[in-house]
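All of the numbers you see were taken from the coordinates with simple rules; none came from a lab. Since the model is a prediction, treat every value here as computed from it, not as a measurement. Counting neighbours? That spans all protein chains shown, and the Cβs are built from the backbone with ideal geometry, glycine included.
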Ligand code: OGA
Ligand code: MN
């Protein structure tokens with residue numbers, strides 16, 4: 001069966017057909033699908049009934065799996081254990097405590113792990129249980145945002161770096177230094193993707209605190225305009241999940257967000273990430 005990439009929207013995302021994630025891939029298959037990933041930024045594999053081992057092996061087709069720090073007691077319902085490289089994203093609660101990370105509701109646009117020096121290059125999310133509506137994941141094409149940015153705004157940000165944090169509130173209050181308990185990193189505001197050679201926006205509304213070496217008032221104004229531009233629906237794809245979808249996204253050139261969903265409904269996803277190969281430049 002030929003491997004096909006069917007675009008999901010005009011500027012980002014493709015559904016891959018003709019591959020089986022339950023089996024090991026040969027080198028030619030890996031190369032072909034990796035090429036589709038670089039072209040489309042986000043790949044969707046539908047109707048994949050995977051064991052945890054198969055999910056981890058599927059992630060491994062795209063690079064080295066990242067090790068995770070997570071509470072050892074988290075267990076997905078129906079599984080007796082959770083493999084080391086898998087994180088749960090879930091709002092399901094046991095004794096009132098969510099069994100997974102990022103449990104509830106809406107999330108603003110972000111790049112995963114932008115607050116560390118060597119961000120993970122890719123993320124895989126696999127749906128087990130999905131709510132009746134909402135909890136959609138949005139993806140924005142960061143190349144497109146860079147290429148279409150009004151010249152005056154782009155010129156002001158070109159060559160600049162920004163600070164990013166997992167906990168923006170705390171970083172905003174500090175000066176970006178001397179707040180040791182806040183995990184943060186600084187990266188170029190436009191990142192050149194090391195494999196495609198293309199530039200993409202590399203900042204986001206959820207995590208980016210301030211532009212380095214710029215007056216905060218001026219910086220905040222530029223950031224507000226840059227966030228608005230980057231999130232233009234014209235280059236956003238909104239994914240409506242079905243159970244057993246696997247999505248893979250490239251954190252080097254895309255960002256993602258989540259829409260709200262009903263509190264009383266269950267959402268359960270398995271998540272893996274792929275280590276970065278280089279420091280962002
Ligand atoms: C993530 C994430 C979005 C979602 O796992 O990094 O942003 O739809 N998830 O749960
Ligand atoms: Mn995320």
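Suppose the chain between residue 106 and residue 83 were pulled fully straight at 0.36 nm per residue; how much longer would it get relative to their current alpha carbon spacing?
Difference between extended and current length: 5.6 nm.
Gaussian network model of the chain, Cα springs within a sub-10 Å range: biggest mean-square fluctuation belongs to which of 213, 142, 134?
Sorting by GNM fluctuation, first place goes to 213.
At 0.36 nm per residue, minus the direct Cα-Cα distance, what do residue 116 and residue 17 gain on full extension? Give it in nm, one decimal, please.
Full extension of this stretch gives 32.2 nm more.
I'd like the FRET efficiency for residue 212 and residue 34, computed as 1/(1 + (r/R0)^6) with the beta carbon distance as r and R0 of 51 Å, rounded to 0.05.
0.95
Running a GNM on the chain with Cα contacts under 10 Å, which residue among 189, 87, 214 ends up with the highest mean-square fluctuation?
Comparing 189, 87, 214 in a Gaussian network model of the chain, the most mobile one is 214.
Can you give the FRET efficiency for residue 133 and residue 49, using 1/(1 + (r/R0)^6), R0 = 22 Å, r = Cβ-Cβ distance, to the nearest 0.05?
The computed FRET efficiency comes out at 0.40.
Write down the Å³ per residue value for the convex hull defined by the alpha carbon atoms of the chain.
Enclosed volume per residue, from the Cα hull, is 134 Å³.
Compute log10 of I(q)/I(0) for segment 1-149 with the Debye formula, placing one identical point scatterer on every Cα and leaving out solvent, at q = 0.09 Å⁻¹, to two decimals.
-0.33
Could you list 253, 124 in order of exposure, starting from the residue whose Cβ has the fewest other Cβ atoms within 10 Å?
124, 253
By how many degrees, between 0 and 90 and to the nearest 10, does the Cα long axis of helix 27-40 differ from the longest principal axis of the chain?
Rounded to the nearest ten degrees, it is 40.
Provide 240, 128, 201, 42 in ascending order of the number of other Cβ atoms located within 10 Å of each residue's Cβ, fewest first.
240, 128, 42, 201
Counting pairs of alpha carbon atoms under 8 Å apart in space and at least six apart in sequence, what relative contact order in percent does segment 1-116 give?
Over segment 1-116, the number comes to 16 percent.
Could you work out which residue, out of 103, 119, 24, moves most in a Gaussian network model of the chain, that is, has the largest mean-square fluctuation with Cα springs under 10 Å?
24
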